[in-house]
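Report on the structure given below.
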Amino acid sequence: MKVLIAEDDKVSFRILEKFLSTCGHEAVVYSDGNQAWSAYQEGDYRLIISDWMMPGSDGLELVRRVREDKRTEYCYFILLTAKTGKENFLAAMDAGVDDYLTKPLDIDEIKVRLRVAERILGLQRDIQILRGTLPICAWCKRIRNGDRLWHTFEEYLSSHTDTGISHSICPACESLHFAGLPKQP
């Protein structure tokens, strides 16, 4: 996975970069919140690890921007900070972070938090796949909606998309169902 790191402390970002690399992830590091935001907009990141206090936008501003960006894929956000206390923790959670780690960095703690992020992102991907699955009757081909009501394919498609339907008969069905009938002029 490609991980976006926004961290201005060289020691911290080197630790993260090396650790993520040993876990098989690609770390892309920026030392400024505005640069990290630009990279996020241009890239495909599912995980961001960001310092709270850094040049440009701070970590809270970065997470707010990420949450306002309505992509289909969820981005897990871990905030690193030297700030402690319930008030800071709550402010970070209110801004939209998923996890909160205090400095100095502890590799074992990062490892556990990375596993949690991977698990949640995997579950989110599974949900996206399930949302793309239509429950359809094997016999009549009606589709069940969220209210457990069954609709024809045409009704379902017209209520969920801007797509219209024109009816026709494919050659295979024509030969199967209309074989031996005289063709209309």
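The values are calculated or read from the model by the stated rules, or taken from the named source; none is laboratory data. Since this is a predicted model, take the numbers as computed values, not measurements. Glycine gets a Cβ as well: all are built from the backbone with ideal geometry, and neighbour counts include every protein chain shown.
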Is it the case, given these coordinates, that ASP106 is of a type in the set (D, E, K, R) and either under 22 Å from LYS10 (Cβ atoms) or not assigned by TED's automatic domain parsing to the domain that holds GLU7 (or both)? yes
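Would you mind stating whether ASP58 is in contact with a Gly (Cβ under 7 Å, 6 or more places away or on another chain), buried (at least 16 other Cβ atoms within 10 Å of the Cβ) and closer than 18 Å to ARG14 by Cβ?
Details: in contact with a Gly (Cβ under 7 Å, 6 or more places away or on another chain): yes; buried (at least 16 other Cβ atoms within 10 Å of the Cβ): yes; closer than 18 Å to ARG14 by Cβ: no.
Here the answer is no, as ASP58 does not meet what is asked.
Take the residues of segment 39-69 that are among the polar types (S, T, N, Q) and not in a strand (DSSP E or B): which is farthest from GLY122 (Cα to Cα)? Steps first, please.
Of the residues in segment 39-69, the ones among the polar types (S, T, N, Q) are 41, 50, 57.
Next, from what is left, pick out any that are not in a strand (DSSP E or B): 41, 57.
Details: GLN41: 22, SER57: 29 Å.
Applying the filter and picking the extreme gives SER57.
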Single residue of ARG144, ARG119 found to be within 30 Å of GLU7 (Cβ to Cβ) and among the charged types (D, E, K, R): ARG119
Sort through LEU4, LEU20, LEU105 and tell me the only one that's touching a strand residue (DSSP E or B) at 6+ places or on another chain (Cβ under 9 Å) and over 30 Å from LEU130 (Cα atoms). LEU105
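For segment 156-183, which residues satisfy the criterion of being within 19 Å of GLY132 (Cβ to Cβ) and not in a loop (DSSP other than H, G, I, E, B)? Spell out the reasoning first.
Taking segment 156-183 first, the residues within 19 Å of GLY132 (Cβ to Cβ) are 156-163.
Within segment 156-183, TYR156, LEU157, SER158, SER159, HIS160 qualify.
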The residue that is nearest to the chain's Cα centre (by Cα), considering only those in segment 65-76 that are surrounded by fewer than 15 Cβ atoms within 10 Å (Cβ to Cβ) and basic (Lys, Arg), is ARG71
Taking segment 70-82, which residues are hydrophobic (A, V, I, L, M, F, W, C) and not in a loop (DSSP other than H, G, I, E, B)? PHE77, ILE78, LEU79, LEU80
Within segment 86-130, restricting attention to residues that are in contact with an Asp or Glu (Cβ under 9 Å, 6 or more places away or on another chain), in a helix (DSSP H, G or I) and charged (D, E, K, R), which residue is surrounded by the fewest Cβ atoms within 10 Å (Cβ to Cβ)? ARG125
I'm trying to understand the selection: among the residues of segment 1-23, which are within 24 Å of the chain's Cα centre (by Cα) and without any contact (Cβ under 8 Å) to a residue 12 or more places away in the chain? SER21, THR22
